[in-house]
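The values are calculated or read from the model by the stated rules, or taken from the named source; none is laboratory data. The model shown is predicted, which means the values in this text are computed figures rather than measured ones. All Cβ positions, glycine included, derive from the backbone under ideal geometry; neighbour counts span all protein chains shown.
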Amino acid sequence: MSSTCPLCANPDDPVLWQDADCRIVRVSGAEGAAFPGFCRVLWRRHVREMGDLAAQERNHLMQVVFATELAVREVMRPDKINLASLGNVVPHLHWHVIPRWHDDSHFPTPIWGPARRRAPTRELASDQALQAVLHRQLGYGP
């Protein structure tokens, strides 16, 4: 972890699950409010690309990404899930797991563009609800 990396140094994003290789955080702030249940899966070691991981590491990371998708779908009940791994701004390997609704502020465009309408108010499921599904899918981290 690095104190200069915004993905490592952000104490505001609650950790929902972690193991020795990666962690899942729920995105807080404006993005989290507009897209409740938005999570990031962060690889702990600083690598830039999926291809920088060994095959077993890539498989593990994708298992965690897919478990996160299933947890967000079960708890938040969105119309669609977007999975994205960009890293253009922060070259620290991470995946976005974004719940989308047909009436969200940006639908059908990506969330990083201009809003098309005002975001409706949605309840955020408790972190405990997301954690319970993650623990069922992945087991408990160390």
Residue count, the range 121-137 (criterion: buried (at least 18 other Cβ atoms within 10 Å of the Cβ) and hydrophobic (A, V, I, L, M, F, W, C)): 4
So Cys39, is it of a type in the set (A, V, I, L, M, F, W, C) and more than 23 Å from Arg122 (Cβ to Cβ): no
Count of the range 95-142 residues which are under 15 Å from the mean Cα position of the chain (by Cα) and among the β-branched types (Val, Ile, Thr): 4
Criterion: more than 15 Å from the chain's Cα centre (by Cα), among the hydrophobic types (A, V, I, L, M, F, W, C) and at pLDDT below 95 - qualifying residue of Val47, Val15, Val27: Val47
Single residue of the range 16-63 satisfying the filter (under 19 Å from Ala132 (Cα atoms) and of a type in the set (Val, Ile, Thr)) that is surrounded by the most Cβ atoms within 10 Å (Cβ to Cβ): Ile24
Qualifying residue in the range 36-43 (condition: free of Cβ contacts under 8 Å to residues at least 60 places away in the same chain and assigned to a loop (DSSP other than H, G, I, E, B)): no
Residue, surrounded by the fewest Cβ atoms within 10 Å (Cβ to Cβ), within the range 64-120, restricted to residues that are in contact with a strand residue (DSSP E or B) (Cβ under 7 Å, 6 or more places away or on another chain) and of a type in the set (Phe, Trp, Tyr): Phe107
